[in-house]
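The values are calculated or read from the model by the stated rules, or taken from the named source; none is laboratory data. Since the structure is predicted, the reported quantities are computational estimates derived from the model, not experimental observations. Backbone-built Cβ (ideal geometry, glycine too); neighbour counts: all protein chains shown. We work out accessible area using only protein heavy atoms, side chains counted, and drop any ligands, DNA or RNA first. Shrake-Rupley method; radii C 1.70, N 1.55, O 1.52, S 1.80 Å.
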Amino acid sequence: MQRVTILGSTGSIGISTLDVLQRHPDKYRVYALAANKSVDGLFEQCQQFKPAVAVMLCPESAAQLEEKLRNAGLAIKVQSGMQALEMISSTEETDVVVAAIVGAAGLLPTLAAAKAGKRILLANKEALVMSGALLMSEVQANNAVLLPVDSEHNAIWQCMPVGDTQQYHYENKGIRRIILTASGGPFRDWNIADLEDVTPEQAVAHPNWSMGQKISVDSATMMNKGLEVIEAHWLFGMSSDKIEVVLHRQSIIHSMVDYVDGSVLAQMGNPDMRTPIANTLAWPERIDSGVEALDLVKAGRLDFAAADFERFPCLALAYQALKAGGTSTAILNAANEVAVEAFLNRQIKFTDIARIIAEVLEIIPSTAADSLEQILSADEMARKVAHQQMQVLCNH
Ligand code: NAD
Ligand code: MG
């Protein structure tokens, strides 16, 4: 019986994870559930899955949850704060940690899970973008097992040489390049000039995937693919010139590995995150995920096109930050988080997101990213400068 902690259980990935777990009560038990402040969502999950511990980041929300659980006669321990998130990720009481918090907030509990040598199902790509070198070295030093839930990385991992699944270094394994597929998001066919006037509602309406708000905006700017290029660099030990992006509007091929002998291996399936979640939960075995069988005849065709850096400047910025190295990717990530939130709050235009990130990268010098302190201080500075740049834009 595997005991599972889900960080971000009320989100899109969290809900999909619970859907897979409830199909296999003989194999998995929920140890802890954690969310930011959605009391009702976490309460309902507690009623159904009866974890030992429930954590809310926000103390007021935790107090409300505790009262609801008490009234319902449920003996579930409720805690709050970042330390509690780290505790449920590292305790002896859990075997598997699903890292599905969105953004930088997921970094510390994911690091705690790595230090405790857990099996980590990583959805929270921002943690790796911020602190790739540090997180990967903690994973290796503590014999943790880091498995990619992000559909592209899960696809690549499934297409990698057999037996090397826990090496994290594939540069010399006969691989020419990794090909990340991207749907291109909702604006792939728009006139570039019209992107200035995009609304948050239009940006979060993804054509193929149903996801949280932040990653939906990231998909619309293609910063999501940029973050994924950085994520692939750390997960597979490949340099940026061996990681390519190709547009594939149907989202049936989730990514590919191109070998030097000319073989290109692809992983396919319906666009449903329960597939990579089930794959990483059960690896090296396979379990039912509830995902419908792929109907290739119905899908009909698979289209490919080049990724367009003019339409998607965020993708170019991510490559630029990866090449610069050090704290650049943490700076990129923080500036993006600030800009996306401001766009969702209608404070800036869609096209300002890339402008702000470019400015922040320009202003803040990159330094070494060997320690958590260096990373967190770069993150903090980038958020401050991003807010300043937003002021400058708003005053024009
Ligand atoms: P979401 O917004 O739907 O859910 C986020 C979850 O994290 C919620 O449970 C929320 O309560 C919790 N949370 C947010 N801030 C928190 C904080 N400060 N402390 C504690 N909990 C907090 O997001 P999502 O779409 O499920 O994405 C989660 C992560 O998975 C992101 O990093 C995203 O990039 C990645 N991811 C998502 C998908 C997808 O299909 N949704 C695919 C690949 C990768
Ligand atoms: Mg993805």
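Report the accessible area of CYS394, computed with a 1.4 Å probe over the heavy atoms of all protein chains in place, in Å² rounded to the nearest 10.
80 Å²
Could you pull out every residue, at least 5 positions away or on a different chain, whose amide H is within less than 5 Å of the one on ILE175? Hs are placed 1.01 Å off N in the peptide plane, and Pro or chain starts have none.
Long-range HN contacts for ILE175: VAL260.
Roughly what % antiparallel, to the nearest 5, for the DSSP beta bridges in the chain?
Around 25 percent antiparallel, to the nearest 5.
What share of the DSSP beta bridges in the stretch 173-331 is antiparallel, in percent to the nearest 5?
70 percent
Explain nothing, just compute: Karplus ³J(HN,Hα) = 6.51 cos²θ - 1.76 cosθ + 1.60, θ = phi - 60°, for every residue of the stretch 65-81 in order, whole Hz, x for Gly and Pro.
Computed from phi, the couplings for the stretch 65-81 are 5, 4, 5, 4, 5, 4, 4, 8, x, 9, 8, 10, 6, 10, 10, 9, x Hz.
Rounded, prolate or oblate: pick one for the chain, where a ≥ b ≥ c are the square roots of the eigenvalues of its C-alpha gyration tensor, a/c under 1.5 means rounded, and failing that, prolate if a/b is larger than b/c, else oblate.
The shape class here is rounded.
With +1 on each Lys and Arg Cβ and -1 on each Asp and Glu Cβ, how big is the dipole of the chain about its Cα centre, in debye rounded to the nearest 20?
Charge dipole, the chain, about its Cα centre: 580 debye, nearest 20.
Taking H placed 1.01 Å from N in the peptide plane, check which residues at least 5 places from TYR28 or on another chain put their amide H under 5 Å from its amide H.
GLN2
Pairwise over distinct Cα atoms, reciprocal of the mean inverse distance: report the Kirkwood radius of the stretch 221-310 in Å, one decimal place.
15.2 Å
From the phi of every residue in the stretch 260-277, what ³J(HN,Hα) in whole Hz does the Karplus formula 6.51 cos²θ - 1.76 cosθ + 1.60 yield, where θ is phi - 60° and glycine or proline is x?
These are the phi-based 3J(HN,Hα) values: 5, 7, x, 6, 10, 9, 10, 10, 10, x, 5, x, 8, 5, 5, 5, x, 5 Hz.
Determine the relative contact order of the stretch 118-269: mean sequence separation of Cα pairs under 8 Å and six or more apart, normalised by residue count, in whole percent.
So the answer I get is 34 percent.
How large is the accessible surface per residue of the stretch 203-362, computed with a 1.4 Å probe and reported in Å² as a whole number?
41 Å²
To make sure I understand the rule: partners must be lysines, Cα under 30 Å from the Cα of LYS125, and not fewer than 8 residues away in the same chain. Which ones qualify?
Partners found: LYS27, LYS37, LYS50, LYS77, LYS115, LYS173, LYS214, LYS225, LYS242, LYS323, LYS349, LYS384.
I'd like the accessible area for LYS173: 1.4 Å probe, protein heavy atoms, all chains in place, Å² to the nearest 10.
80 Å²
Under 5 Å between amide hydrogens, which residues at least 5 positions from ARG119 or on another chain qualify, with H placed 1.01 Å from N in the peptide plane?
Distant-sequence amide H within range of ARG119: VAL97, VAL145.
Of all accessible surface on the stretch 1-137 at a 1.4 Å probe, what whole percent is carbon and sulfur?
Roughly 48 percent, rounded to a whole number.
Taking GluC sites (Glu not before Pro) as candidate sites, keep only those in a DSSP loop with at most 16 other Cβ atoms within 10 Å, then name the longest stretch of the chain containing none of them.
So the longest stretch without any such site is 172-284.
Just to confirm, what accessible area per residue do you get for the stretch 154-195 at 1.4 Å probe, in whole Å²?
On a per-residue basis, 43 Å².
Ordering MET56, MET273 from largest to smallest accessible area (1.4 angstrom probe), what's the sequence?
Largest accessible area first, the list is MET273, MET56.
If you count only protein heavy atoms with a 1.4 Å probe, what accessible area per residue comes out for the stretch 1-103, rounded to a whole Å²?
Accessible surface, normalised per residue, equals 45 Å².
At 7 Å along Cα-to-Cβ for each site, give me the label-to-label distance between ALA141 and ALA193 in nm.
In this crude spin-label approximation the distance works out to 5.5 nm.
What ³J(HN,Hα) values, in whole Hz, does the Karplus curve 6.51 cos²θ - 1.76 cosθ + 1.60 give for the stretch 208-217 when θ = phi - 60°, with x put for Gly and Pro?
Karplus values, whole Hz, x for Gly and Pro: 10, 10, 9, 9, x, 5, 5, 5, 5, 5.
At 222 nm, what helix-only mean residue ellipticity would the chain give, in deg cm²/dmol to the nearest 500, using -39500 (n - 2.57) for each DSSP H run of four or more?
-14000 deg cm²/dmol
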